[in-house]
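Each remark here refers to the structure printed beneath this line.
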Amino acid sequence: MARFWGEPEYRHGEAEKIGVLLTNLGTPQAPTTKAVRVYLREFLSDPKVVETPKWWWQILLNAVILPSRSPKTAAAYRQVWTDDGSPLMTISQAQRQAIEKAFADQPVAVELGMSYGKPSLPDALRRLRGQNCRRLLILPLYPQYAGCTVGSVFSAVSAELSSWRWTPHFRFIGGYCDDARYIAALADSVAEFRQKNGDAELLLFSFHGTPVNMLKDGDPYHCFCHKTARLTAEKLNLKESQWELTFQSRFGRAEWLKPYTIDIMRDLPKQGVKSVQVISPAFSVDCLETLEEIATENREVFLAAGGESYAYISALNDTPAHIDFLQALIRESVGDWLNTLHNQDATETAQRAEALKGKEA
């Protein structure tokens with residue numbers, strides 16, 4: 001009989017826990033060209049992100065894209081980098097800590113893993129395994145499902161778990177674009193901002209774009225973005241003329257989801273719209289795309305085109321309303337697990353295991 005005692009994936013006698021893995025896109029380790037190049041290579045090599053024949057894409061990526069894009073992206077990161085590091089990383093860690101605190105009196109371990117960069121998804125999963133988590137909940141912090149974000153997380157998690165000797169029970173939250181609690185948090189963030197800063201003629205919902213071909217191949221992301229924007233606008237009692245939806249951050253020459261945010265910023269003043277407020281509901285955390293592209297670059301374009309007032313409404317980040325929603329979503333997803341953990345007989349199980357090991361020796 002094969003000897004398997006002593007495997008690190010499970011320890012008899014130690015109480016089991018429920019593991020919660022929060023995931024997001026990731027960030028370079030530093031705002032330098034070298035660090036950004038490493039990060040972009042990993043990100044843009046994901047076949048879920050770039051659906052191009054691998055052999056051709058790798059040549060183009062390494063010979064053209066990385067040498068030209070890395071210095072520019074590094075310069076952009078330097079504009080938003082803080083003393084504590086990347087905003088995406090520091091805020092994501094704050095989210096993790098707040099959610100961990102919400103479950104402090106229960107057998108729940110919370111880890112953060114990034115699709116690209118560190119801490120990686122495999123490392124985060126192994127940390128949960130090291131805490132004897134036999135049941136896992138995976139929560140990608142992307143409200144609107146897309147194959148290149150949520151789908152990519154599922155692929156990476158599945159690949160890691162398939163290499164374990166004992167695969168744990170796991171559940172996966174594939175999005176929450178129309179969850180009433182999420183919509184309420186978004187709408188409240190807009191209302192609170194306007195209460196402090198006044199209204200604007202137009203509220204613009206700017207979502208991260210994806211190539212049109214993904215939509216044509218059946219990716220539901222486009223529809224989910226429209227659903228989130230519509231429900232939030234309804235919650236705010238906005239008329240159709242008071243809000244609009246656009247897509248940002250296109251990359252390459254292929255057609256992406258339209259209308260493009262940057263083009264709309266140039267056109268709005270010509271249409272007589274002089275004041276605009278922008279929110280980016282696809283982002284659960286402020287990052288390069290919101291702080292540099294939306295809050296800064298698009299503002300400059302709008303004002304240069306004749307606009308008079310431009311404001312960016314921050315992502316939900318680690319605000320109490322957002323944390324309350326996330327912990328409620330988690331609790332809802334693992335509630336039955338909390339009631340069925342078998343930790344009462346851990347000591348007895350360990351004793352039986354030791355006895356069996358003695359017989360095998």
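What to note about this one:
- Qualifying residue in segment 113-120 (condition: within 20 Å of Ala282 (Cβ to Cβ) and outside any strand (DSSP E or B)): yes
- One residue alone among Ala315, Ala295 is over 24 Å from Arg96 (Cα atoms), of a type in the set (A, V, I, L, M, F, W, C) and in contact (Cβ under 8 Å) with a residue 12 or more places away in the chain, and that residue is Ala295.
- Test result for Lys101, more than 18 Å from Val38 (Cβ to Cβ) and open to solvent by 50 Å² or more (accessible area, probe 1.4 Å): yes
- Qualifying residue in segment 284-299 (condition: open to solvent by less than 30 Å² (accessible area, probe 1.4 Å), closer than 22 Å to Cys148 by Cα and acidic (Asp, Glu)): yes
- Of all residues in segment 318-331, those satisfying the criterion of being open to solvent by less than 20 Å² (accessible area, probe 1.4 Å) and either of a type in the set (A, V, I, L, M, F, W, C) or in contact with an Asp or Glu (Cβ under 6 Å, 6 or more places away or on another chain) (or both) are Ile323, Phe325, Leu326, Leu329, Ile330.
- Filter result (in contact with a helix residue (DSSP H, G or I) (Cβ under 9 Å, 6 or more places away or on another chain) and surrounded by fewer than 19 Cβ atoms within 10 Å (Cβ to Cβ)) within segment 119-131: Pro119, Ser120, Pro122, Arg126
- Pairing residues of segment 169-186 that are among the aromatic types (Phe, Trp, Tyr) with residues that are part of a loop (DSSP other than H, G, I, E, B), at Cβ distances under 8 Å and at least 6 apart in sequence or on separate chains, gives Tyr176/Pro143; Tyr182/Pro143; Tyr182/Tyr176.
- Test for Arg165: is it charged (D, E, K, R), more than 24 Å from Thr210 (Cα to Cα) and modelled with pLDDT under 95: yes
- Residue in segment 199-207 that is hydroxyl-bearing (Ser, Thr, Tyr), in contact (Cβ under 8 Å) with a residue 24 or more places away in the chain, outside any loop (DSSP other than H, G, I, E, B) and open to solvent by 10 Å² or more (accessible area, probe 1.4 Å) present: no
- Single unsatisfied condition, Tyr77 versus (1) of a type in the set (Phe, Trp, Tyr); (2) touching a helix residue (DSSP H, G or I) at 6+ places or on another chain (Cβ under 7 Å); (3) open to solvent by 30 Å² or more (accessible area, probe 1.4 Å): (3)
- For segment 210-237, filtered to residues that are touching a residue at least 60 places away in the same chain (Cβ under 8 Å), more than 15 Å from Pro281 (Cα to Cα) and outside any loop (DSSP other than H, G, I, E, B), the residue that is least open to solvent (accessible area, probe 1.4 Å) is Met214.
- Subset of segment 253-275 [touching a residue at least 40 places away in the same chain (Cβ under 8 Å) and either open to solvent by less than 20 Å² (accessible area, probe 1.4 Å) or not basic (Lys, Arg) (or both)]: Ala254, Glu255, Trp256, Leu257, Tyr260, Thr261, Ile264, Met265, Leu268, Val273, Ser275
- Answer from Gln195, Gln144 - the residue that is within 30 Å of Gly272 (Cβ to Cβ) and either part of a helix (DSSP H, G or I) or in contact (Cβ under 8 Å) with a residue 40 or more places away in the chain (or both): Gln195
- Residue check, Ala109 assigned to a helix (DSSP H, G or I), in contact (Cβ under 8 Å) with a residue 12 or more places away in the chain, open to solvent by less than 50 Å² (accessible area, probe 1.4 Å) and small (Gly, Ala, Ser): no
- Where Val36 falls short, out of the listed (1) open to solvent by less than 50 Å² (accessible area, probe 1.4 Å); (2) of a type outside the set (Gly, Ala, Ser); (3) within 25 Å of Arg126 (Cα to Cα); (4) touching a residue at least 40 places away in the same chain (Cβ under 8 Å): (3)
- Members of segment 287-323 found to be part of a helix (DSSP H, G or I), touching a helix residue (DSSP H, G or I) at 6+ places or on another chain (Cβ under 8 Å) and within 30 Å of Gly19 (Cα to Cα), listed by number: Leu288, Ala321, His322, Ile323
- Test: Leu303 is in contact with a strand residue (DSSP E or B) (Cβ under 7 Å, 6 or more places away or on another chain) and open to solvent by less than 10 Å² (accessible area, probe 1.4 Å): no
- Test: residue in segment 132-154 that is farther than 26 Å from Ser249 by Cβ and open to solvent by 40 Å² or more (accessible area, probe 1.4 Å): no
- Residue check, Pro28 open to solvent by 30 Å² or more (accessible area, probe 1.4 Å) and either at pLDDT below 95 or not in a strand (DSSP E or B) (or both): no
The values are calculated or read from the model by the stated rules, or taken from the named source; none is laboratory data. In this text, all values refer to a predicted model and were calculated from it rather than measured experimentally. Quick reminder, even Gly has a Cβ in these numbers, built from the backbone with ideal geometry, and neighbours come from all protein chains shown. Only protein heavy atoms, including side chains, enter the accessible area calculation; ligands, DNA and RNA are left aside. Shrake-Rupley method; radii C 1.70, N 1.55, O 1.52, S 1.80 Å.
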